[in-house]
Amino acid sequence: VKANDSQGVIHVVKNPAQILPYCVIQLKKQSLTSQYIKPSHCVLPNTSVHCPTPNLPISNKAHDKASWSVVKVDQPKESIDNKTPLKTIEETMHNFTNPTTRSDDDQTCTICCDPLSSAGAVSLSSCGHKFHSSCIHAVISHQTGQQHIQCPNCQTIHGIKTGNQPTEGKMYFRKHTGQVPGYPDCGMIVIKYTMEDGVQEDGHPNPGKPFHAKGFPRTAFLPDNQKGNHVLQLLVKAFRRRLVFTVGSSLSRGEDDCVTWNGIHHKTQIQDNGNGHGFPDMGYLDRVQGELKQKGVE
């Protein structure tokens, strides 16, 4: 079949084995004729063939980069203040604990299972649960980020929880006119994460050993409605706090020392193909808000 403007020939085949990696072109119905013209080896030799780029949500065109909003991680506060880990822990204890009274001495510390009367005890400022001061000090010293306390009993977060996501990564997001299934009345939000290989720091499983950022950039999608934009702002906050990714073992790859998701699920496909990674999923926005809340992001 030859186009009316004589600008190209379409090779129509019935057997898929005949299909070679041709470029993909878009034609209007009126541009085709039913007249078959045998292809020639010297048809328009000086005409260059242009392969139009599909209208995808992610584009690498230079003019498209300006439309992306860029998010970087927050610099750890203890690094800015040049505080030692011990001084940071003591400040966290001061901010989020209170000494207990003698009437509480018959209770048990759920961390060590010894009576609170056996050593100095404190209560957490928000939830009120009580523990030995030395036990809470040990919990803070072994967790990622030492400017918060997460109650061992009820998981209430006192302060701002931070993670060990590599600091060189970036988050990009933009609005797109496309739609995700299940949300026909709005556009969609496209999120892109980038990470680079690096060396593990304190707070990572193997400090000083290289880690690998495989499978990046990673792309995720949200509906561009009120709830979707709220989830976007929560994800931005989580990324700045280094909570979206972590360094550890990749279950999907079966490899150690990799940058992996950190328990905040993303829709990495527009259309679900049965694996749960796409839309429609009308309960997803509520579930991911719950996952973010568990990390102190709300």
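The values are calculated or read from the model by the stated rules, or taken from the named source; none is laboratory data. Owing to the predicted nature of the structure, the values given are computational and were not obtained by experimental measurement. Every residue, glycine among them, receives a Cβ derived from its backbone with ideal geometry; neighbour counts consider all protein chains shown. Surface areas here come from the heavy atoms of the whole protein model, side chains and all, with no ligands, DNA or RNA. Shrake-Rupley method; radii C 1.70, N 1.55, O 1.52, S 1.80 Å.
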Point to revise | segment 104-130: number of residues that are touching a helix residue (DSSP H, G or I) at 6+ places or on another chain (Cβ under 8 Å) and either part of a helix (DSSP H, G or I) or aromatic (Phe, Trp, Tyr) (or both) | key: 2
Check your understanding: Among the residues of segment 134-148, is there at least one that is open to solvent by 40 Å² or more (accessible area, probe 1.4 Å) and assigned to a strand (DSSP E or B)?
Key -> no
Review point. For the subset of segment 70-96 comprising residues that are under 25 Å from residue 126 (Cα atoms) and exposed (fewer than 13 other Cβ atoms within 10 Å of the Cβ), which member is modelled with the highest pLDDT?
Key: 94
**Study point:** Residues (in contact with a His (Cβ under 6 Å, 6 or more places away or on another chain) and either free of Cβ contacts under 8 Å to residues at least 40 places away in the same chain or β-branched (Val, Ile, Thr) (or both)) located in segment 247-274
**Key:** 247, 268
Check your understanding: Would you pick out the residues in segment 154-195 that are among the aliphatic types (A, V, I, L, M), part of a loop (DSSP other than H, G, I, E, B), more than 15 Å from the chain's Cα centre (by Cα) and within 21 Å of residue 265 (Cβ to Cβ)?
Key -> 180
Check your understanding: Does segment 188-198 contain at least one residue that is small (Gly, Ala, Ser) and open to solvent by 40 Å² or more (accessible area, probe 1.4 Å)?
Key -> no
**Study point:** In segment 157-182, the residues that are among the hydrophobic types (A, V, I, L, M, F, W, C) and open to solvent by less than 30 Å² (accessible area, probe 1.4 Å)
**Key:** 171, 180
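Residue-wise test of (1) modelled with pLDDT of 95 or more; (2) touching a Phe, Trp or Tyr at 6+ places or on another chain (Cβ under 7 Å); (3) in a strand (DSSP E or B); (4) open to solvent by 10 Å² or more (accessible area, probe 1.4 Å).
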| site | (1), (2), (3), (4) |
| --- | --- |
| 229 | yes, no, no, yes |
| 235 | yes, no, no, no |
| 249 | no, no, yes, yes |
| 267 | yes, yes, no, no |
| 275 | no, no, no, yes |
| 289 | yes, no, no, yes |
| 298 | no, no, no, yes |
Check your understanding: Among the candidates 285, 251, 243, which residue alone is hydrophobic (A, V, I, L, M, F, W, C) and over 30 Å from residue 199 (Cβ atoms)?
Key -> 285
Review point. Within the set of pairs 6+ apart or on separate chains, which have a first residue in segment 152-167 that is more than 16 Å from residue 240 (Cβ to Cβ), a second that is among the β-branched types (Val, Ile, Thr) and buried (at least 19 other Cβ atoms within 10 Å of the Cβ), and C-beta atoms under 7 Å apart?
Key: 158/149
Check your understanding: Within the set of pairs 6 or more residues apart or between chains, which connect a residue that is in contact (Cβ under 8 Å) with a residue 24 or more places away in the chain and of a type in the set (Lys, Arg) inside segment 216-232 to a residue that is open to solvent by 10 Å² or more (accessible area, probe 1.4 Å) and not in a loop (DSSP other than H, G, I, E, B) with Cβ atoms less than 8 Å apart?
Key -> 218/192
Exercise for review: Inspect all residues belonging to segment 201-208 and state whether any of them is buried (at least 17 other Cβ atoms within 10 Å of the Cβ) and at pLDDT below 95.
Suggested key: yes
Exercise for review: Look through segment 98-151, keep the residues that are of a type in the set (Gly, Ala, Ser) and within 21 Å of residue 243 (Cβ to Cβ), and return whichever of them is modelled with the highest pLDDT.
Suggested key: 126
